[in-house]
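**Q** Once you've had a glance at the structure underneath, I'll fire off some questions.
The values are calculated or read from the model by the stated rules, or taken from the named source; none is laboratory data. Owing to the predicted nature of the structure, the values given are computational and were not obtained by experimental measurement. Counting neighbours? That spans all protein chains shown, and the Cβs are built from the backbone with ideal geometry, glycine included. Accessible surface is based on the protein model in full, side chains and every heavy atom, while ligands, DNA and RNA are left aside. Shrake-Rupley method; radii C 1.70, N 1.55, O 1.52, S 1.80 Å.
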Amino acid sequence: MTSALQQLVTMPMSGVEPVHADGVPVGGTLADFWRWSVSDLMSNATRGRLAEYLVHRAVGSPESSIRAEWDAFDLTTPEGIRVEVKSAAYIQSWQQTRESPISFRVPAARGWCATTNRFEKLAKRQADVYVFAILNERIAPDPLNIRHWLFYVLPTRVLNARTRSQHSITLASLIKEAGTGVAFEDLAITIKAVAII
């Protein structure tokens with residue numbers, strides 16, 4: 001008979017933690033790993049995580065909180081609003097012959113819970129609000145510059161009510177539904193306003 005394994009508790013790291021062999025450093029630190037693995041902020045995966053972090057900062061989530069890789073939604077605001085963040089950019093880290101068209105995948109999905117290690121039975125959109133983060137600068141984009149980002153905020157019920165595509169949304173459709181994009185500084189208040197409408 002096997003016993004249930006305990007869920008691991010993840011604590012924030014500082015970056016100085018060494019790569020080691022049973023406590024003896026063998027060269028390299030966690031910061032070295034971060035530098036090696038996520039310095040390309042323009043790559044789709046890393047840019048997406050950075051967009052989640054920017055929203056996390058904008059809404060005032062606790063600094064001690066840690067991103068949960070497989071959660072059913074990306075983050076929760078201090079008010080309890082569940083937020084899904086989607087990211088896109090015109091310029092990518094690879095060679096391009098033209099700007100990338102902006103669109104976002106927004107399918108319903110079966111949410112997974114890390115505590116129970118189970119998927120929900122029904123597919124649905126798990127968040128209350130979606131934030132569509134566009135790295136909007138086209139000449140020399142700097143993903144760390146909040147002025148280079150534009151955010152569109154939609155309540156999930158608007159996505160659920162769409163009769164066109166239920167799996168994706170283009171920028172033109174997003175603008176039609178959400179109106180003008182907002183700056184980083186206005187993101188928290190916009191998320192709150194949209195969530196209670």
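**Q** Charges only on Cβ, +1 for Lys and Arg, -1 for Asp and Glu: so what's the dipole of the stretch 25-99 about the Cα centre, in debye to the nearest 20?
**A** Charge dipole, the stretch 25-99, about its Cα centre: 180 debye, nearest 20.
**Q** For K124, K176, what's the largest-to-smallest order of accessible area, 1.4 Å probe?
**A** K176, K124
**Q** Also, I was wondering about something else. Calculate, for the stretch 79-131, the solvent-accessible area per residue in square angstrom, rolling a 1.4 angstrom probe over the heavy atoms of the protein chains.
**A** Here the per-residue accessible area is 62 Å².
**Q** Have a look at V16, T29, Q95 and report the one farthest towards the positive end of the charge dipole of the chain, computed about the Cα centre with Cβ charges (Lys/Arg +1, Asp/Glu -1).
**A** Farthest towards the positive end: Q95.
**Q** Run the helix sum for the chain: -39,500 (n - 2.57) per DSSP H stretch of 4+ residues, divided by residue count, reported at 222 nm to the nearest 500 deg cm²/dmol.
**A** So the helix-based figure for the chain works out to -7000 deg cm²/dmol.
**Q** If a/c stays under 1.5 just call it rounded; otherwise compare a/b with b/c (prolate if a/b is bigger, oblate if not). Do that for the chain, with a ≥ b ≥ c from the square roots of the Cα gyration tensor eigenvalues.
**A** Cα axes put the chain in the oblate bin.
**Q** Taking the Cα centre of the chain as the origin, how large is its charge dipole in debye, to the nearest 20, when only Lys and Arg (+1) and Asp and Glu (-1) carry charge on their Cβ atoms?
**A** 940
**Q** How far apart, in nanometres, would the label points at A45 and L8 be if each is projected 7 angstrom from Cα along the Cα-to-Cβ direction?
**A** Once both label points are built, they end up 1.7 nm from each other.
**Q** Counting other Cβ atoms within 10 Å, keep those with at most 15, restrict to DSSP loop, and tell me which chymotrypsin sites (Phe, Trp or Tyr not before Pro) in the stretch 16-84 are left.
**A** W70
**Q** With a ≥ b ≥ c the root eigenvalues of the C-alpha gyration tensor of the stretch 121-164, is it rounded (a/c under 1.5), prolate (a/b larger than b/c) or oblate?
**A** Because a/c hits 1.5 or more and a/b exceeds b/c, the stretch 121-164 counts as prolate.
**Q** Quick check: from the Cα gyration tensor, does the stretch 98-187 come out rounded (a/c under 1.5), prolate or oblate?
**A** Note, shape of the stretch 98-187 comes out prolate.
**Q** Okay, next question. Percent antiparallel among DSSP beta bridges with both residues in the chain, to the nearest 5?
**A** 75
**Q** Oh, and also: By the scheme Lys and Arg +1, Asp and Glu -1, what is the net charge of all other residues having a beta-carbon under 15 Å from that of Q7?
**A** With Lys, Arg at +1 and Asp, Glu at -1, the neighbours total -1.
**Q** Kirkwood Rh and Cα-based Rg: tell me the resulting Rg over Rh for the stretch 17-130, rounded to two decimals.
**A** 1.04
**Q** Here is a follow-up. So what's the projected area for the stretch 146-197, the Cα convex hull averaged over all directions, in nm²?
**A** 3.9
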